[in-house]
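The values are calculated or read from the model by the stated rules, or taken from the named source; none is laboratory data. From a predicted model like this one, the values you see are computed outputs, not experimental measurements. As a convention, Cβ positions derive from the backbone with ideal geometry for all residues, glycine included, and neighbour counts pool all protein chains shown.
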Amino acid sequence: MKRLLITLVAVLAAGTAAFSQTKGQTEFGVGVGLNLATVVVDETNQNAGTRAGLNVGLSADHYFSDSWSLKVKALFDQKGWSKGYLTIGTSTTYTPYQLNYITVPVMANWHFGRTKGWYLNFGPYVSVLVSAKTTANNFDVKPFFNDVDAGLALGIGYKFPVADKTKFFVEFAGQGGIADISTANNAVYRNSLSAFNIGLNF
């Protein structure tokens with residue numbers, strides 16, 4: 001866990017460096033959430049159920065105006081799917097698949113409403129695969145998955161003050177993969193994710 005936190009901080013620092021020279025306020029955050037993940041297989045989800053997981057991470061939101069900012073996150077993201085299978089060689093295993101990633105979304109963030117408490121963000125994400133295992137027998141299947149996932153991220157949320165310079169947020173987020181994540185089955189596997197998040201900005 002210590003190595004994971006160090007990795008998240010390093011990724012977040014790298015992501016914010018690109019716009020740190022721009023004048024304006026930067027708001028940092030920490031959050032946690034419930035992931036509901038699955039995969040789309042050959043543009044259907046017949047080989048996939050939903051896997052519940054966790055996301056936890058850090059964010060930096062750099063404001064260019066009252067209405068617009070650039071938001072970068074660094075997340076530990078539990079993805080995967082249940083009630084599915086991969087055919088590896090001559091063996092087919094029906095089991096939930098647990099895919100854990102470090103995910104970095106870079107999103108335009110639009111703030112709206114009377115107090116600018118509401119926000120809508122959208123943009124690309126990149127995920128690096130940390131581990132991939134089956135629930136049955138805890139079998140390591142990482143060699144059968146690509147190391148990098150990429151796609152589009154979207155989120156909508158609301159934040160409100162709870163203390164001086166501290167805000168609590170509630171957020172619904174989603175990810176749609178556009179990259180093939182697996183080399184098995186001669187099929188195209190793409191991640192799909194919905195998440196409900198809470199946290200603090202300061």
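Quick rundown of the values:
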| item | result |
| --- | --- |
| Residue check for Val40: of a type in the set (Val, Ile, Thr) and either modelled with pLDDT under 95 or more than 15 Å from Ala108 (Cα to Cα) (or both) | yes |
| Identity of the residue in segment 138-165, in contact (Cβ under 8 Å) with a residue 40 or more places away in the chain and more than 19 Å from the chain's Cα centre (by Cα), that ends up surrounded by the fewest Cβ atoms within 10 Å (Cβ to Cβ) | Phe160 |
| Output for segment 166-191, where each listed residue is under 29 Å from Tyr63 (Cα atoms) and within 12 Å of the chain's Cα centre (by Cα) | Phe172, Ala173, Gly174, Gln175, Gly176, Gly177 |
| Residue selected from segment 93-133 under the condition more than 12 Å from the chain's Cα centre (by Cα), part of a strand (DSSP E or B) and hydroxyl-bearing (Ser, Thr, Tyr), by the criterion surrounded by the most Cβ atoms within 10 Å (Cβ to Cβ) | Tyr97 |
| Residues of segment 116-138 satisfying the condition of being at negative phi, at pLDDT 95 or above and not aliphatic (A, V, I, L, M) | Gly117, Trp118, Tyr119, Asn121, Phe122, Pro124, Tyr125, Ser127, Ser131 |
